[in-house]
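S.K.: What follows is a structure written as structure tokens; I'll ask about it next.
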Amino acid sequence: MSILDKETEEHSAAASQSLLLQRGANESNSLQTKSKIDLFTGAELVLESLKALGVKHIFGYPGGSVLDIYDALLGQEDIEHILVRHEQAATHMADGYSRSSDEVGVVLVTSGPGATNCVTGIATAYMDSIPMVILSGQVATHLIGDDAFQETDMLGCSRPIVKHSYSCRDVESIPAVIAKAFHLARSGRPGPVVVDLPKDKLATQRIYPFCMPEEIKIRSYSPTIKGHTRQIKKAAEALAVARRPVIFAGGGVILANASSQLEQLTECLDAPVVNSLMGLGSIPGEHPNFVGMLGLHGTFEANKSMANADVILALGARFDDRVTNSTNKFCPQATIIHVDIDPTSISKNIKAHIPVVGSIDVVIPQLLNALKKSSFSTDPDDRKDWWQQIKSWRDRQCLAYEKNGDNIKSQQVIESIYRVTNGDAYITSDVGQHQMFTALYFPFKRPKQWINSGGLGTMGFGLPAAMGVKLARPESDVVCISGDGSIQMNIQELSTCLQYGLPIKVVILNNRNLGMVKQIQDINYDGRHASVYMESLPDFVKLAEAYGHIGMRVTCPQKLEQALEEAFAHKNKLVLIDVEVEEHEHVFPMQKKLGAIDDMWLAKGVDR
Amino acid sequence: MNEQTILSILLENEPGALSRIVGLFSQRAFNIESLTVAPTDDKSLSRITIVTSGDHQIIEQITKQVNKLVDVLKVSELNNMAHIERELMFVKVNAKTPEARDEIKRTADIFRGQIVDSTNQLYTVQLSGKKDKLNAFIRSIRRQSDIIEIVRSGCVAIARGAQSLSV
């Protein structure tokens, strides 16, 4: 073997095994003995690794440190690169792509500002446990620490918001590092993984064989998948004697693809099911056992069911503060069974009486088996009183609202979108009142249909997320429901939509205010509105047109549904619908600050 | 009830591994009373001893969070078992007069410390033991002379008997 270049080799042992050849020599096949082995630069190794992992789309923005990867992208057709207008949007696109499919979202950005612009998107994915791999460029190894141009300690910046991170320190290890990153991102409790790629490891003068590990082994990492038999037995025994059980299903059910198992369990126990914001869609919104979303803006019946339950079976939920309200007043009568793949989620906020660590899709069948062996009876009469009670709460009709002929109500818009799309569309949202209205008034039919930033509450998430969904689900209708505030946080991506022909629908519930902030100020700050008026809103219709799309405005209730019909009839065009909605509407029900889970207002000034 | 807990952590000897541990503690507002770290006989592994405090629920959460870090192989709460703990300290004190020099030497002997450096103006005393013993030495030496400088290693600890933290 001849070493034809002048680079010094740090790892002489590895070097003796790897083939160090000049590109030209290989391409011209002058070294015939090596002609059967493909050899790659560092940048090409990155792409080969992604291909081997089945990646079809990556979302990114070029810059100095990653130009070698961009150059290598030109020579291949397996991976489509989506050029965004801002790196934050790339992360949200990858996020939406992942949430609506079973894929890992992949982001490619340059060092420095390219990487730091991803921070919000990484944090968003981290909070909602979304599998994502962020390939961030880095300045060349010899410049690290010198405050070089566009240098940032990305591993340091992202450390608190990633599942793990890697820096590639030698070129040969690129495939193994990327394979590990994917494995970590999607196994156990999923999450984002950052891979830092110094420029000198990409722009290699020499070329290396592509060597992907067949099996990923990380000795310090082995998530618990199967529930402990003794804990399962305890849980089944508690459920068997429960008189007022509630199943509390969170985003973990969706991440584990365990919806069918959840339905089985629900029907076996004949228990009511409540969802966290992230769990919506894990059970069909029209399912007779579904009593709605719980928490801050949860339904009366969901929060009441929780408050009166004797056994709560929490599946893949983490008892977020927006669910529990005051933790010291949280469901004092209930025995809490908490199933989660992440042990740290259990007893973090609410003490679990029966903790079960495991993956929901595995634990539910274990529970069903154990129930069969327990004293559990399936007599429907056992639940009669409980369901009677729940019916009385449902009869309060906490989601009823007054319509009028003059102003469009936000609730109405959501209901109309449901009707016009037959409830089948993928729905993404931003953060604020429109998000809560969507969660409450759109009965999601299936898992992964509802895509929002639940944990971090990231405004600007909806539009890029919808674009990612459209790429993953090109045959489906995709709607971004946004507000006049949120949409402006990533509106530049309308340009990306035109470039890649992404005919999503964007519905802006335009109340000329930062509605959720205003609502809180109305309720908790005596109506003193600080910095919530959007007095210089752009003309969203013209803006859509300026970006090459169709813009529509709806101002009167009578024309709402017709306008939506018309918008959705444009199958191959992006349509932005600016809906002027009632300015002063509040989202109800709403929990009272510092109260119990069921201390809530049902309407302005109306206590439960 | 707040109690001190000694955590022994075995983790990959990788760049960034320590910062993940330290970051976790500050990110989640956990206390660090002391922290020591060094590679083990297996160069691919580091061992950290952290002394932390909190009620039962917080300690449980700390243990789980540390365990969750991908680099971490093992975590053990040494308080739950018979263990040996030690801390090393150097104390630099003024020792200008013959009386002071004698007194410091006597106190060091009582605490089984050693004088490891000396000038005509000062002594440097080396002492190892549990935290309480080190504190007691500081209190008594302070009565005799002026302390110029102190450095403490933080606690290292190991379980007694056959129990061990290894891969």
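S.K.: At a 10 angstrom cut-off on C-beta neighbours, averaged per residue, how do the peptides A:349-356, B:44-51, B:141-148 rank from highest to lowest?
M.R.: Details: A:349-356: 18.5, B:44-51: 20.1, B:141-148: 15.1.
Ranking, from highest mean packing down: B:44-51, A:349-356, B:141-148.
S.K.: Hey, with R₀ at 35 Å, roughly what FRET efficiency would A:D382 and A:T229 work out to, going by the Cβ-Cβ distance, to 0.05?
M.R.: E(calc), rounded to 0.05, equals 0.85.
S.K.: Could you give the size of the charge dipole of region B:3-81 about its Cα centre, using +1 on the Cβ of each K and R and -1 on the Cβ of each D and E, expressed in debye and rounded to the nearest 20?
M.R.: Value, rounded to 20: 180 debye.
S.K.: Set Lys and Arg Cβ to +1 and Asp and Glu Cβ to -1, take the dipole of the protein assembly as shown about its Cα centre, and tell me which of A:L560, B:V51, A:V119 lies farthest positive.
M.R.: After comparing all options, I get B:V51.
S.K.: On to the next question. Any chance you could get the radius of gyration and Dmax over the Cα atoms of region B:3-81, in Å?
M.R.: My reading of the Cα-based Rg and Dmax gives 11.7, 35 Å.
S.K.: Using the Karplus curve 6.51 cos²θ - 1.76 cosθ + 1.60 with θ = phi - 60°, what ³J(HN,Hα) values do you get for each residue of region A:141-152, in whole Hz, with x for Gly and Pro?
M.R.: Residue by residue, region A:141-152 yields 3, 6, 9, 4, x, 9, 6, 5, 4, 6, 9, 9 Hz.
S.K.: Just from the alpha-carbon atoms, what are the Rg and Dmax of chain A in angstroms?
M.R.: When restricted to the Cα atoms of chain A, Rg and Dmax are 26.2, 84 Å.
S.K.: Round to the nearest 0.05 the FRET efficiency obtained for A:Y525 and A:K403 when R0 = 35 Å and r is the Cβ-Cβ distance. Kindly include the intermediate steps, with their values, before the conclusion.
M.R.: On the way: r = 29 Å, r/R0 = 0.82.
Between A:Y525 and A:K403 the formula returns 0.75.
S.K.: Expressed as a whole number of Å, what is the distance separating the alpha-carbon centroids of region A:34-100 and region A:132-150?
M.R.: Centre-to-centre (Cα) distance: 17 Å.
S.K.: Something else now. Would you kindly compute the Cα radius of gyration of region A:550-608 and its largest Cα-Cα separation (Dmax), both in Å?
M.R.: Reported Rg and Dmax, both Å: 17.9, 49.
S.K.: OK, next. What lysines does A:K571 reach when the alpha-carbon gap must be under 16 Å and sequence neighbours fewer than 8 apart in one chain are set aside?
M.R.: Cross-link targets: A:K470, A:K505.
S.K.: Summing Lys, Arg as +1 and Asp, Glu as -1, what charge do residues with Cβ under 15 Å from the Cβ of A:I346 carry, A:I346 excluded? Numbers along the way, then the final one.
M.R.: Values: positive: A:R189, A:K234, A:R318, A:K348, A:K351, B:K64, B:K68; negative: A:D320, A:D340, A:D342, B:E60.
Result for the local shell: +3.
S.K.: Measure out, as a whole number of angstrom, how far apart the alpha-carbon centroids of region A:240-257 and region A:192-235 sit.
M.R.: Answer, in whole Å: 30.
S.K.: Okay, next question. Output the 0 to 90 degree angle, nearest 10, between the alpha-carbon long axis of helix A:87-99 and the longest principal axis computed from the alpha carbons of chain A.
M.R.: 70 degrees
S.K.: Report the equivalent ellipsoid semi-axes for region B:115-167 in whole Å, largest first, defined as the square roots of five times the eigenvalues of the gyration tensor built from alpha carbon atoms.
M.R.: Semi-axes from the Cα gyration tensor: 31, 13, 8 Å.
S.K.: If you don't mind, another one. Could you run the Karplus curve 6.51 cos²θ - 1.76 cosθ + 1.60 with θ = phi - 60° over region B:125-130 and give me ³J(HN,Hα) per residue in whole Hz, x for Gly and Pro?
M.R.: Residue by residue, region B:125-130 yields 9, 10, 9, 10, x, 6 Hz.
S.K.: Can you tell which of A:H297, A:A203, A:P355 lies farthest toward the positive end of the dipole of the protein assembly as shown, using +1 and -1 charges on the Cβ of basic and acidic side chains (Lys, Arg; Asp, Glu)?
M.R.: It is A:P355.
S.K.: How far is it, in nm, from the label point at B:E85 to the one at B:D102 when both lie 7 Å from their Cα along the line to the Cβ?
M.R.: Output for this residue pair reads 3.8 nm.
S.K.: Run the dipole for region A:229-394 about the Cα centre, Lys and Arg Cβ at +1, Asp and Glu Cβ at -1, nothing else charged, and hand back the magnitude in debye, nearest 20.
M.R.: Numbers: 17 positive and 16 negative charges, 92 e Å.
Dipole size: approximately 440 debye.
S.K.: Put a dot 7 Å past each Cα toward the Cβ at A:R396 and A:R243; how far apart are the dots in nm?
M.R.: In this crude spin-label approximation the distance works out to 2.2 nm.
S.K.: For region A:410-587, treating each Cα as an identical point scatterer without solvent, what Debye log10 I(q)/I(0) comes out at q = 0.19 1/Å?
M.R.: Log-scaled intensity ratios, in q order: -1.30.
S.K.: Test of understanding: express the Cα radius of gyration of region B:84-156 as a ratio to 2.2 N^0.38 Å, with N the residue count.
M.R.: 1.02
S.K.: Follow-up question, since we're still on this one. With everything on Cα atoms, drop me the angle between helix A:515-524 and the longest principal axis of chain A, reported from 0 to 90° to the nearest 10.
M.R.: Helix A:515-524 and the main axis of chain A meet at about 50 degrees.
S.K.: Next question. So what J values fall out for region A:316-322 if you push phi through Karplus, 6.51 cos²θ - 1.76 cosθ + 1.60 with θ = phi - 60°, rounded to Hz, Gly and Pro as x?
M.R.: x, 10, 10, 6, 4, 5, 6
S.K.: Based on the Cα coordinates of chain B, what is the per residue volume of their convex hull in Å³?
M.R.: Spelled out: Cα convex hull of chain B, divided by residues, is 142 Å³.
S.K.: Then there's this: Where does region A:358-498 land on Rg/Rh, using Cα atoms and the Kirkwood Rh?
M.R.: On the way: Rg = 20.0 Å, Rh = 18.3 Å.
Expressed as Rg/Rh, it is 1.10.
S.K.: I've got another one for you. Give me the log10 of I(q) over I(0) for region A:229-394 at q = 0.09, 0.10, 0.18 Å⁻¹, as the Debye formula computes it from C-alpha points; what are the numbers?
M.R.: -0.24, -0.30, -1.10
S.K.: Quick one: A:M154, A:M132, A:M212, A:M489, fewest Cβ neighbours within 10 Å first, how do they rank? Intermediate results must be reported in sequence, preceding the final value.
M.R.: Details: A:M154 28, A:M132 32, A:M212 15, A:M489 21.
Listed from fewest to most nearby Cβ atoms, that is A:M212, A:M489, A:M154, A:M132.
S.K.: Excluding same-chain residues fewer than 8 positions from A:K226, which aspartates and glutamates have a Cα within less than 15 Å of its Cα?
M.R.: Leaving aside aspartates and glutamates fewer than 8 places away in the same chain, those within reach of A:K226 are A:D340, A:D342, A:D361.
S.K.: What's the local net charge at A:P192, with K and R +1, D and E -1, over the other residues with C-beta under 9 Å away?
M.R.: That sum, taken over residues with Cβ under 9 Å, equals 0.
S.K.: So, one more: Under a 5 Å amide H to amide H cut-off, with H placed in plane at 1.01 Å, what residues pair with A:F59 once short-range neighbours are removed?
M.R.: A:I82, A:V106, A:V107, A:L108
S.K.: Then there's this: Given a Förster radius of 30 Å and the C-beta distance between A:A52 and A:S101 as r, what FRET efficiency does 1/(1 + (r/R0)^6) yield to the nearest 0.05?
M.R.: Calculated transfer efficiency: 0.95.
S.K.: Taking region A:457-524 as the region of interest, what is the percent of Cα-Cα pairs per 5 angstrom bin, listed from the shortest bin to the one with the maximum distance?
M.R.: 4, 17, 25, 22, 14, 8, 6, 3, 1
S.K.: Hey, another quick one. What list do you get for A:H586, B:H56 if you sort them by fewest beta carbons within 10 Å?
M.R.: With the sparsest Cβ surroundings first, the list reads B:H56, A:H586.
S.K.: Moving on. Going by alpha carbons, how many degrees (0 to 90, nearest 10) lie between the helix axis of B:17-27 and the longest principal axis of chain B?
M.R.: 90 degrees
S.K.: On the principal axes of its Cα set, how long, how wide and how thick is region A:44-173? Give whole Å, largest value first.
M.R.: Principal extents (largest minus smallest coordinate, Cα): 41, 35, 29 Å.
S.K.: OK, next. Would you please give the residues with an amide H less than 5 Å from that of A:T335, counting only those at least 5 places away or on a separate chain, with H modeled from the backbone geometry?
M.R.: A:V311, A:I312
S.K.: Pairs of lysine in chain B with Cα under 18 Å and at least 8 positions apart or on different chains: total? Before the final figure, lay out each step's value.
M.R.: On the way: B:K43/B:K74; B:K64/B:K74; B:K92/B:K105; B:K92/B:K131; B:K92/B:K133; B:K96/B:K105; B:K105/B:K133.
Close lysine pairs under the 18 Å cut-off: 7.
S.K.: Next question, about the same structure. What does the charge count around B:L11 come to, taking other residues whose C-beta lies under 9 Å from its C-beta (Lys +1, Arg +1, Asp -1, Glu -1)?
M.R.: 0
S.K.: Give me a single rounded figure for A:340-348: the average over its residues of other chain Cβ atoms within 10 Å of their Cβ. Write down the numbers at each step before the final one.
M.R.: Details: counts 0, 0, 2, 7, 10, 2, 3, 4, 6.
The per-residue average across the peptide is 4.
Each reported figure results from applying straightforward, stated rules to the coordinates on display, with no laboratory input. Keep in mind that this is a model prediction, so the values were computed, not measured. Because the Cβ atoms are built from the backbone with ideal geometry, glycine has one as well, and the counts that use them run over all protein chains shown.
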